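**Student:** The structure's right below; bear with me while I get my questions together.
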Amino acid sequence: MTPLAERLTSLTRDLMLIPSTDSRPDERRRAVQFVLNHLQGIDSLEIKRYESQGYESLVVTPKGCDHPDVLLCGHLDVVEHASLDAYASTVRDGQIHGPGSGDMKGAVAILIELFLRVIRRHPSASLGLAITTDEEIGGTNGLHYLVESEGLRCGIAIIPDGGALTNVTIAEKGIIHGRLCAVGESGHAARPWLACNPLTTLMDALTALRHHFTEQIPPATASAEHWYPTCSVTQIATPNQSINRIPSEACATLDIRFPPPHTASSMVAFIEELVRKHDPKHSLTFNTIITAEATTLDPDPVFLAITERLTHTPVTKVRASGGSDARFLNAHGIPVILSRPTVGNLHGHDEWIDIASMETYYHICEAYLSDRLALAL
Ligand SMILES: [Zn+2]
């Protein structure tokens, strides 16, 4: 391994040992402190540590540089695994394996190394580093909070949390998380004619939704992007505790993704209309939990050209079904570059990141910063 690959690998593996999940606020704090330990003591830096609803964030810039031209963004939170033993790593076949390697502690290690290298050589470079801890649950108290409540702004952001080394994301679908609920009348399950079962109403509506989203929209293929609306039922619940009782209400949560020209309000209106047709008694309601419009990322063509030069591979511009923190910056017209090293099995036990691609990604970002900020690196 090259010295750079060794540094990136050990920093990634150290970060992976911390089970910084949503249910473990102390571990998330420890992960933030771990990053701070690498940055404190550098006189030229201004370090701001924020907290919103128990979620900590860091924004680090050269002193006096409130709006850096380029902002490097990453998140330290990782998805939950049942056993703490899962939060370990192995290196084999040139890859780091284990939870958080690909999403996105390997990328955070690159951002830290890159930031330190630039700042040590050019202490007043117009470069910032933003680290958050709630991306996996929606980013509300992380990047959204920093942008909306703390006024975080930049010329362009680099977020290595989507796409691939030579796949640069140019658009992301919008998101609706909502709850579809039916109310009825509870009763004894032996005499169903005396009750009004909200589960039946709910199931009929979900069936209608499924028919629409599977029959009116072309099927997805494994290889190509699926630039159409989708709707997933993710939870169904009633307050019922008894097998022989018909419940008084039933709710399902829906995760809806949509590309333009659909908007959050046009999709909500569509869902309400479709559901209403299957609800003669008007017992269904649909309430949104979060909504986000579809996003256009507008990556800098210079970054794409540098990627092609250093990988000897043409760049593919991709449209993503999933959302990222990019949407919070997009809301203020800030372009985002969303590509990353080669990763796999994201959110699984055997998640991995390819070490050679980490080095390549580092060099792509380094060359881009050198060009954009006119710095000798
Ligand atoms: Zn991520």
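The values are calculated or read from the model by the stated rules, or taken from the named source; none is laboratory data. The structure presented is a predicted model; accordingly, all values stated were derived computationally and were not measured. Quick reminder, even Gly has a Cβ in these numbers, built from the backbone with ideal geometry, and neighbours come from all protein chains shown.
**Student:** Here are the criteria: (1) in a strand (DSSP E or B); (2) touching an Asp or Glu at 6+ places or on another chain (Cβ under 7 Å). Tell me which single one Val79 does not satisfy.
**Tutor:** Val79 satisfies every listed condition except (1).
**Student:** Between residues in segment 346-363 that are not assigned by TED's automatic domain parsing to the domain that holds Thr9 and residues that are away from the ligand (no atom under 15 Å from the Cβ), which pairs lie under 7 Å by C-beta distance while being six or more apart or on different chains?
**Tutor:** As it stands, the answer is none, since no pair meets every condition given.
**Student:** Taking the residues in segment 68-120 that are of a type in the set (Ser, Thr, Tyr) and free of Cβ contacts under 8 Å to residues at least 12 places away in the same chain as candidates, determine which candidate is surrounded by the fewest Cβ atoms within 10 Å (Cβ to Cβ).
**Tutor:** Ser83
**Student:** Would you list the strands (runs of 3 or more DSSP E) that sit entirely within segment 282-354 and hold 2 or more residues that are surrounded by fewer than 20 Cβ atoms within 10 Å (Cβ to Cβ)? First the steps, then the outcome.
**Tutor:** Numbers: elements: 284-292, 316-320, 352-354.
Counting at least 2 such residues, we get 284-292, 316-320.
**Student:** So which of Glu56, Glu46 ends up being without any contact (Cβ under 8 Å) to a residue 60 or more places away in the chain and among the charged types (D, E, K, R)?
**Tutor:** Testing whether each residue is without any contact (Cβ under 8 Å) to a residue 60 or more places away in the chain and among the charged types (D, E, K, R) leaves just Glu46.
**Student:** Further question: Tell me, yes or no, whether segment 210-227 has at least one residue that is more than 27 Å from Gly100 (Cα to Cα) and either touching a helix residue (DSSP H, G or I) at 6+ places or on another chain (Cβ under 7 Å) or in contact (Cβ under 8 Å) with a residue 60 or more places away in the chain (or both).
**Tutor:** yes
**Student:** Here's something else I'd like to know. Which of the residues that make up segment 26-42 are outside any helix (DSSP H, G or I) and in contact (Cβ under 8 Å) with a residue 60 or more places away in the chain?
**Tutor:** Step one: filter segment 26-42 for residues outside any helix (DSSP H, G or I), giving 40-42.
Correct list: Ile42 only.
**Student:** Checking Thr140 against (1) within 24 Å of Ile96 (Cα to Cα); (2) surrounded by fewer than 21 Cβ atoms within 10 Å (Cβ to Cβ); (3) within 16 Å of the ligand (Cβ to nearest atom), which test does it fail?
**Tutor:** (1)
**Student:** What pairs come up if the first residue lies in segment 149-163 and is touching a residue at least 12 places away in the same chain (Cβ under 8 Å), the second is in a loop (DSSP other than H, G, I, E, B) and small (Gly, Ala, Ser), and their beta carbons are under 6 Å apart, counting only those six or more places apart or on different chains?
**Tutor:** Here the result reads Asp161/Ser324; Gly162/Ser324; Gly163/Ser339, each pair linking segment 149-163 to a residue that is in a loop (DSSP other than H, G, I, E, B) and small (Gly, Ala, Ser).
One line per residue, one yes/no per condition, for (1) assigned by TED's automatic domain parsing to the domain that holds Lys281; (2) under 15 Å from Ile256 (Cβ atoms); (3) surrounded by fewer than 16 Cβ atoms within 10 Å (Cβ to Cβ):
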site: Ala208; (1), (2), (3): yes, yes, yes
site: His226; (1), (2), (3): yes, yes, no
site: Thr238; (1), (2), (3): yes, no, no
site: Gln241; (1), (2), (3): yes, no, yes
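**Student:** Now for a separate question. Looking at (1) part of a helix (DSSP H, G or I); (2) more than 16 Å from the ligand (Cβ to nearest atom); (3) at pLDDT 95 or above, which is the only condition Asp85 fails?
**Tutor:** For Asp85, the exception is condition (3).
**Student:** Please work out which one of (1) without any contact (Cβ under 8 Å) to a residue 60 or more places away in the chain; (2) within 16 Å of the ligand (Cβ to nearest atom) is the condition Ala269 fails and give its number.
**Tutor:** Failing condition for Ala269: (2).
**Student:** Given the conditions (1) in a loop (DSSP other than H, G, I, E, B); (2) closer than 30 Å to His122 by Cβ; (3) more than 15 Å from the ligand (Cβ to nearest atom), and given that Ser357 satisfies all but one, which numbered condition is not satisfied?
**Tutor:** Condition (1) is where Ser357 drops out.
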